[in-house]
Each structure stands twice: as structure tokens, then as C-alpha cells.
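Step one of this worksheet: look at the structure below.
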Amino acid sequence: MFRFKLPPARGRRCAVPRGWLAALPLAALSTQAVAGFFIPRDITMFMFTASPDSQMAEVAHGLRANLSVAAGQSRYVSDDGLTERRYTTLQANWLVHRAYGSDGITNAYIYGGPLAARGSEFAGTHSGVHGGFWADHETRRIYARLSTHAYHAAGHTQVVTTAQGLWAPYAADYEDIATWFGLQAERRSGLTAATQITPLLRLFQRRWWVDVGVSVNREHRGDAFVNLMLLFELKGNAMNKIKFFIMTIALSLTAIPVLGASTIKMQVEGLVCAFCGSAIEKKLRSNAATADVLVSLEHKIVALSLKDGQDIADDTLRTQITDAGYQVKKIERVPDTLDSLRAALKGR
């Protein structure tokens, strides 16, 4: 999450460096996004976040539907600007529980690994450990999250605990603009005693993301922020797609064999937001036989049209959607075109 903060209140020592203004177009979507730690299999993602008192860069790769690995670097500065800590981390992220409800999905993750720390409180580089948990529940109109991340090195422990709740006044479908209102509370014990409260407005679609709000705590009040994400796609050959994010960069390299059909319609559990659908769409489009993809969050349907004379085996489709983190309830070949199926779903 990129936070562009207004000039601090009088008496605050941590001023906004001019470099953060230039960094705005390069900011990446942080782990505070709806997707949490979930990274589909064979997907590599780069994330970068920046604000005056914290920055993070991380590269993560999905090994399985329930396991990803990551390497990153983060920097934290206390509210008074006197204490600075830098962490270089390696970690594994495990999806230990995923429950599919009739209208939503619940996830629980644990993560951890080694770190190297440098800081203003100690000389040199010190080894240590870090880890934590993340739990969230999401429907098309409600999102709730609780997470904690602990760092320990050189006799110092820092714990970042975050609680977030969001509500959408309407249930957006895959191609709609989703609107969310919410409140976030974050505490960095071991670095500051203040709890930061952030009312926020979130707008997103499958290829862009905007958050706006105001963060306050007893050390500084009225720090406005904006979070931005844009997705650009540069197409190379049929098997390699490079997607550049202004706030998140994802790289997918997938090779899938093909067989023969027309339109394939699937009922999928767990579809609650555009980012859920985007992971599935990305997997399906990696097939050389795929002509186009349709996702309906409202009806929990994913459909694809096939190139002339080609087909994709049911087992391949089940594997791809499972690797993306979701469950297929039904697969059927239908005579409808994708356009007629799209019109029928909107008319229901």
C-alpha cells in the first residue's frame, strides 16, 4: 500500500522526503490487499510499498496452491524519527485453512523465516527470525482481516498488528467498479506506542486499485494517503505474458497442451472479488487453445471460448483452477457463444 502523506503537523520530526513524491507512479500493491498472502501456483509477483515511515519491497513465487516463498526488504522509522530498522527477509507462506461458504471464503495463513537486521540501535548486521499469521474472511460485500508480523534480532522485537474491516454498498461483478468503505487499526509495538486508525475508501476493478483515507494517532493527526495500482500487459508469445503493475508486477510462465471443443462453462466456488477472478482468468488464458474468458462473480461462473478445432481437457481445467486456489463444482460444454452467455447472465 502506498501512502502519500501530507506535510506533518508542527513538532513532528519525520518530514516527507521529496523522493516519495517521485516514487508515487512506481508504488506496488502491498500485502494489505484483499488477496492476502495467496499467490497461485507458478505465479511470480513483485510488490513495493512506500510511505515516509515505512517501505517494503518483496518478490514472491507460488510453489503450490497452499505454499509460496518470498524474499524481501523492509524499513521502519519511529514516529519521532529517532529510531530506524531495516530487515532483509526470507519466508515461506502456508495457506493452512481455506473454507468455502455459500457467499464467501475464509483463509488462514502462517508464515516465517530468517532475517538480517540493521538499525540505529545497534552496530553491524544481526541475524534473526520473523513470522506471524494472517486470517481473513471475504464476501462480495464484507471483508475482515486480522494479522500480526513479528521481527526479532539483536535483542529487539517489533510486532506489527493490523485489524481491518471493509463494507461494500453493492456487490460488484467482475467487470464492475467495486466500492468499499472501511476502517483499519495498526499498532507497531516495540517501535511506537501509538495505534494508527485509518478510515478509508477503496475503489478497484480487475486492472486498477485506488485507496484514499486519513490516518491518525496520538503522535500525528490528519495524514492523508492515496494507494494506487494500475495493470499494463505487454504480450509476447502465446506462452509468456509479462504484466507490469504500477503497484504490482506479476509474471506468469505457463505451457499447457490442448485437445478440441467450443464454449466451456464451469461452476466455481470461492469467487468473491475481481482479483479472485483475475487469477483464474490469467491461468485459463495461458492455454494456447483459449480464445476468450468470461467471469461472473454474481453467478460464480467461469466460461471460456475455444479456438477453432481445439479443446482443453476437463482435468487440465480443474488443475488450473485448483492451482489458482478455487474449487470446480461442474464443467460442461455448451452451444452458446461467450457473448450470448454473457448477455444471459446479465439478464438473470
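Once the other residues with Cβ under 10 Å from the Cβ of Ala163 are scored (Lys, Arg +1; Asp, Glu -1), what is the net sum?
Working: positive: Arg145, Arg187; negative: Glu186.
That works out to +1.
Which of rounded, prolate, oblate describes the stretch 256-347, given a ≥ b ≥ c as roots of the alpha-carbon gyration tensor eigenvalues and a/c under 1.5 marking rounded, otherwise prolate only if a/b is larger than b/c?
oblate
Separation of the stretch 65-114 and the stretch 306-348 by C-alpha centroid, Å?
Cα centroid of the stretch 65-114 versus Cα centroid of the stretch 306-348: 33 Å apart.
Just so you know, all these numbers are worked out from the coordinates, no wet-lab data involved. These figures come from a predicted structure and were not determined experimentally. Backbone-built Cβ (ideal geometry, glycine too); neighbour counts: all protein chains shown.
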